[in-house]
Amino acid sequence: MKAVWSGFLLSVQFLTVIPIRKQIDWNDATARWSVRTFPLVGALIGVIEAVTYFMFSSFSSLSPLFLALSLMWLSIWIAGGLHADGWMDVSDAFFSYRDVKRRQEIMSDSRVGAFAVLSILFLLSFRFLFMFETICSDFDIFLIAVIPVLSRTAMAWLLIYGKRAKQTGMAAAFREHADRYDAHVAMIIGSCLLACLCAAHFSVLKTVIFLACGTIFAVFVARLFFEKQFGGITGDTLGAFVEGVETWLWCMIWLLRSYVMV
């Protein structure tokens, strides 16, 4: 049980800005449980986002414009900008149109290029659009918590099943300890969390299934893309995946609300 708790705290420290004032030993057990509890961290983020949105929307007269903007920036802030940084690094590397080795070097460069800025503006602009129009359509608040659970569960799967691009870095450090069994545990935990959300509010079941299918599709596309363009998975590509898939899931919800009305 101590390893489980330590692994979860390690994930919270690594994936969020939530202050955990505790030194966690890095070893085989904590690293493996850290990967397994990625979905729990997603659930924690989702609950914080959903509760914040509920408080703002229920006890104030704030406009949908403000609600969408604050919800979007909360998702960026609570992750400490970690995934947004990955998106920007990957964008700089991809649009350099260099070979794989050079792209890996560009991702490791701390400097921010023009393509990174343009790319993050493009990503967040469309996410804001999807969120704003969805909020205006009176959507189900439970879906706010679903998105981070799906993205972090998928990140655990991609981390383990994706080819390593290099032998150093965050992704490589986790891969030294975790294996496919840990990815399966993470998927089981994520599925149980989604099942609990659906049980608490059965009306979102069809939408959650649709979003889960969209996430699976995104994982396979991302794996092929990262392995072709960057030689495999790195910490930056995982961060880029989280940002990209969350925007994709908001797009799917927007499409459902706009054209299917579920």
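Structure above, values below:
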{"item": "Label-reachable residues, the stretch 43-64, where backbone N falls under 15 Å from a point 7 Å from W73's Cα toward its Cβ", "result": "53, 63-64"}
{"item": "Under 5 Å, built H, 5+ apart or other chain: amide partners of I233", "result": "K163, R164, A165"}
{"item": "Mean Cβ neighbour count within 10 Å, used as a protection proxy, ranking 229-242, 74-87, 166-179 highest first", "result": "229-242, 74-87, 166-179"}
{"item": "Amide N proximity, the stretch 80-111 versus V117 label position 7 Å along Cα-to-Cβ, cut-off under 14 Å", "result": "92, 111"}
{"item": "Estimated distance in nm for a label pair at S191 and V4, the labels positioned 7 Å out from Cα along Cα-to-Cβ", "result": "1.9"}
{"item": "Ordering of 203-213, 58-68, 40-50 by burial proxy (mean other Cβ atoms within 10 Å per residue, highest first)", "result": "40-50, 203-213, 58-68"}
{"item": "GNM flexibility winner over the chain from S91, S137, S110 (Cα, springs under 10 Å)", "result": "S110"}
{"item": "By average C-beta atoms within 10 angstrom, highest first, the peptides 182-189, 25-32", "result": "182-189, 25-32"}
{"item": "Gyration tensor (alpha-carbon) shape descriptor, the stretch 12-162, a/c threshold 1.5", "result": "oblate"}
{"item": "Inter-centroid distance (Cα atoms) of the stretch 143-186 relative to the stretch 199-250, Å", "result": "12"}
{"item": "Kyte-Doolittle mean at least 1.0 and Cα axial length at least 20 Å: DSSP H helices in the chain", "result": "38-58, 64-78, 114-136, 142-161, 180-200, 205-230"}
{"item": "Helical contribution to [θ] at 222 nm, DSSP H n ≥ 4, -39,500 (n - 2.57), averaged over the chain, rounded to 500", "result": "-25000 deg cm²/dmol"}
{"item": "Qualifying lysines (Cα of each under 20 Å from Cα of K2; at least 8 residues distant if same chain)", "result": "K22"}
{"item": "Solvent-free Debye scattering, log10 I(q)/I(0), computed from the Cα coordinates of the stretch 103-229 at q = 0.17, 0.20, 0.22 Å⁻¹", "result": "-1.10, -1.25, -1.32"}
{"item": "Length gained when the stretch V47-V100 is fully extended (0.36 nm per residue, less Cα-Cα span)", "result": "15.2 nm"}
{"item": "The chain, relative contact order in percent, only Cα pairs under 8 angstrom and at least six apart counted", "result": "28"}
{"item": "Convex hull per residue volume in Å³, alpha carbons only, for the chain", "result": "129"}
{"item": "Nearby lysines by direct alpha-carbon distance to K228 (threshold 25 angstrom, same-chain neighbours under 8 apart not counted)", "result": "K101, K163, K166"}
{"item": "Relative contact order (%) - the stretch 167-262, alpha-carbon pairs under 8 angstrom, separation at least six", "result": "35"}
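The numbers here are math on the coordinates, done by the rules we state, and not lab data. Keep in mind that what you see is a predicted model, and the values were worked out from it rather than measured. Cβ: placed from backbone, ideal geometry, glycine included. Neighbour counts: every protein chain shown.
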